[in-house]
Amino acid sequence: AGQKGYHHRTEINKKIYRIGEGYKMKDGKLVKNNAATDYDLADKSINPMGGFPHYGEVKQDFLMIKGACIGHKKRLLTLRKSLLTLTKRRYNEKVSLKFIDTSSK
């Protein structure tokens, strides 16, 4: 009982804002600059100060999507392409992020 959706969760028609890299080593140093955009002057990490509440720090690759994501934290989620072609303008617009707010809430 209650196991419906636990094993296989699928989301469609999600707008992907950014596919980001996790922390990486470069020339023997740990590089945490994964939230800077073309308009930012400073290097910054995607994590807010103190990490995300009830999750911690994101150190691996991440995906930034519009809206909510079903399921618990740290649970696998499958994103797949829609079977229908999306023709509305809001689905086909190119996304360019100017600022990512990483302040602590």
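The values are calculated or read from the model by the stated rules, or taken from the named source; none is laboratory data. Every value quoted in this text rests on a predicted model; they were computed, and no experiment measured them. Glycine gets a Cβ as well: all are built from the backbone with ideal geometry, and neighbour counts include every protein chain shown. These area figures cover heavy atoms from the full protein model, side chains too; ligands, DNA and RNA do not enter into them. Shrake-Rupley method; radii C 1.70, N 1.55, O 1.52, S 1.80 Å.
Sort Arg9, Arg75 by accessible area with a 1.4 Å probe, largest first.
Values: Arg9 50, Arg75 80 Å².
Sorted by accessible area, descending: Arg75, Arg9.
Rounded to the nearest percent, how much of the accessible area of the chain (1.4 Å probe, protein heavy atoms only) is carbon and sulfur?
Ligands and nucleic acids excluded, carbon and sulfur reach 53 percent.
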Between (i) 53; (ii) 49; (iii) 74, the structure-derived percent of Cα pairs over 21 Å apart is (ii)
Given unit charges at Cβ for Lys, Arg (+) and Asp, Glu (-), the dipole magnitude of the chain about its Cα centre in debye, nearest 20, is 520 debye
Beyond 32 Å (Cα-Cα) in this structure, taken from Lys74/Lys94; Lys29/Lys94; Lys59/Lys81; Lys26/Lys81; Lys59/Lys88, we find Lys29/Lys94; Lys26/Lys81; Lys59/Lys88
Straight-line reach check, Lys98, cutoff 16 Å on alpha carbons, 8 or more apart in-chain or any other chain, hits among aspartates and glutamates -> Asp38, Asp40, Asp43
To the nearest Å², the heavy-atom accessible area per residue of region 53-98 with 1.4 Å probe amounts to 96 Å²
Within region 37-105, DSSP-loop chymotrypsin sites (Phe, Trp or Tyr not before Pro) with at most 10 other C-beta atoms within 10 Å are Tyr39, Tyr55, Phe99
